[in-house]
Amino acid sequence: MNIAATTAHHPTFLSGASSDAFAKHPGYRRMFAPDRLTIGIFLPLRFYRGDMSVLEGQADLVTEIDRRGFAAVWVRDVPLFDPNFGDAGQLFDPFTYLSYLAARTDKVALATGSAVFSLRHPIDLAKAATTIDRLSGGRLVLGIASGDRPVEFPAYGLDMDGRGERFAETVAYFRQLIAPGRPVIRSSLGTIEGVDFLPKPAIGRIPLIITGSSRQSPSWVAEHADGWLTYPQPTHIPEGPKRLAQNILSWRNQIPGAGFRPHMTNEWLDLVDDPDFPRTPLRGGFVLRTGRKGLIDLLGEWQEAGVNHAALGMQFAERPASDIIQELAEEVLPLFPSLEGPAPLPVKW
């Protein structure tokens, strides 16, 4: 890796930041606080089976998610559909779609889970991210990853084996671009001097949430992540959240200065009508079928484990998405309410 950049004014922009750096960030503060767990909804709400009509009405439901008071909506980044992988993801470009959702919502945080940083140039990533951040009044939370779909890298003309190094270099380049002042960057990804990058973020910086290891060492993730998103351990038994707690503690013990940085996880739910239906794994543990009491127990176990935000997906559920959203809003969300942070900045564009 070879990157050099001016850091005299903002040296921490190359590293992760504690919650103090995001004290005025509407998206971050709506989602994250120590010893608290909030709830977000993962899109798409229905699984793609060859027909784009599954997304009809989704934005209306996102407006309802915002009105009901959920902390965040999450979109996925899947540039190419690989039938062998079996999951087309969100279908829409995540940045374009978040811009559309920003205009349809008022308070909910807008999160990517996760933007594949290794596939794109940091200038393009930063331009899209800061645009959405400005259009939403500071509600963007950027989950990022190194990518795991082998068909995508040759399509971009990239070597998949080098995605870890490219990811780390892209993170550094991205942070320097969006920092105050004119960046000076010398990197294998490009050279910048004598020009500026616009727009800058609405509130100083954009949270970068590292997904899994993203092909980095644990110490790198601890130093550079503004937060950490990991897949859950088994969710149908209490032992899973206990294992997750050990992973979270190990990560937090390596964070420089021991400042608070949030942890997130997610689960695909098949939430059934019967509130007492036990937690039951489906699809090899990829989906959890449960009634709301089992879900409430799981969320409580996650909160005790140190999880600060749970992103819940329902694309594999049998019930209508609108019914599940209503039940979550009325029966679950009051137990894990979104946080009262600063209001989004006025959007006058």
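A few comments on the model shown:
- Residue tally, condition out of contact with any Lys or Arg (no Cβ under 8 Å at 6 or more places or on another chain) and under 15 Å from Thr130 (Cα atoms), over the range 88-100: 6
Per-residue answers, yes or no, for (1) crowded, with 22+ Cβ neighbours inside 10 Å; (2) in contact with a strand residue (DSSP E or B) (Cβ under 7 Å, 6 or more places away or on another chain); (3) modelled with pLDDT of 95 or more:
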residue	(1), (2), (3)
Gly143	yes, yes, yes
Gly157	no, no, yes
Gly164	no, no, yes
Thr191	no, yes, yes
Lys200	no, no, yes
Ile210	yes, yes, yes
Gln216	no, no, yes
Ala222	no, no, yes
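- Look at the range 63-87: where a residue is at positive phi and a partner is at pLDDT 95 or above and among the polar types (S, T, N, Q), sitting 6+ places away or on another chain with Cβ atoms under 9 Å, you get Gly69/Ser338.
- Every residue from the range 169-200 that is over 25 Å from Leu135 (Cβ atoms) and free of Cβ contacts under 8 Å to residues at least 40 places away in the same chain: Thr191, Glu193, Gly194
- Whichever residue in the range 65-101 is assigned to a loop (DSSP other than H, G, I, E, B) and aromatic (Phe, Trp, Tyr) and, among such residues, is surrounded by the most Cβ atoms within 10 Å (Cβ to Cβ): Phe70
- Checking Gly204 against (1) part of a loop (DSSP other than H, G, I, E, B); (2) at pLDDT 95 or above; (3) of a type in the set (Gly, Ala, Ser), the condition it does not meet: (2)
The values are calculated or read from the model by the stated rules, or taken from the named source; none is laboratory data. What you are looking at is a predicted structure, and each value in this text was computed from that prediction instead of being measured. As a convention, Cβ positions derive from the backbone with ideal geometry for all residues, glycine included, and neighbour counts pool all protein chains shown.
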